[in-house]
Amino acid sequence: MKPLTVAKIALAVTGVGLFAFGIRLDNAAIRWAGTGLVAVAWLLRFVKDTASGE
């Protein structure tokens, strides 16, 4: 897999986990951090991967 794809997956999974952890602890700051990570992963969807040489 390409490094950008790995970064997107890692950010999304970490964000969802952090969001769930924030719900369990009833902590809004942790929930917002998880939401932010998922948002960054979503925004990376629009970044072109230049390492492929195309």
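The values are calculated or read from the model by the stated rules, or taken from the named source; none is laboratory data. What you see is a predicted model; the values in this text were computed from it and never measured. When we count neighbours, we look across all protein chains shown, and the Cβ atoms used for this are built from the backbone with ideal geometry, even at glycine. The protein model used for the area step is the full one, side chains on, heavy atoms only, and it has no ligands, DNA or RNA in it. Shrake-Rupley method; radii C 1.70, N 1.55, O 1.52, S 1.80 Å.
Quick look at the numbers
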| item | result |
| --- | --- |
| Fraction of accessible area attributable to carbon and sulfur, the chain (%, probe 1.4 Å) | 69 |
| Cα-based helix-to-principal-axis angle, 3-25 vs the chain, degrees rounded to 10 | 10 |
| Solvent-accessible area per residue, Å², over the chain with all protein chains present [probe radius 1.4 Å] | 78 |
| 3J(HN,Hα) from dihedral phi, the range 44-49, Karplus parametrisation 6.51/-1.76/1.60, rounded to Hz, x for glycine, proline | 5, 4, 8, 8, 7, 8 |
| Helix 28-43 axis, angle to the chain major axis (alpha carbon atoms, nearest 10°) | 20 |
| Relative contact order (%) - the chain, alpha-carbon pairs under 8 angstrom, separation at least six | 38 |
| Selected from LEU37, LEU11, LEU25 as most flexible by GNM, with the chain as the system and alpha-carbon contacts under 10 Å | LEU25 |
| Student exercise, the chain dipole from Lys, Arg, Asp, Glu Cβ charges, in Debye to nearest 20 | 40 |
| Coil-residue trypsin sites (Lys or Arg not before Pro) of the chain, DSSP, other Cβ within 10 Å capped at 10 | LYS48 |
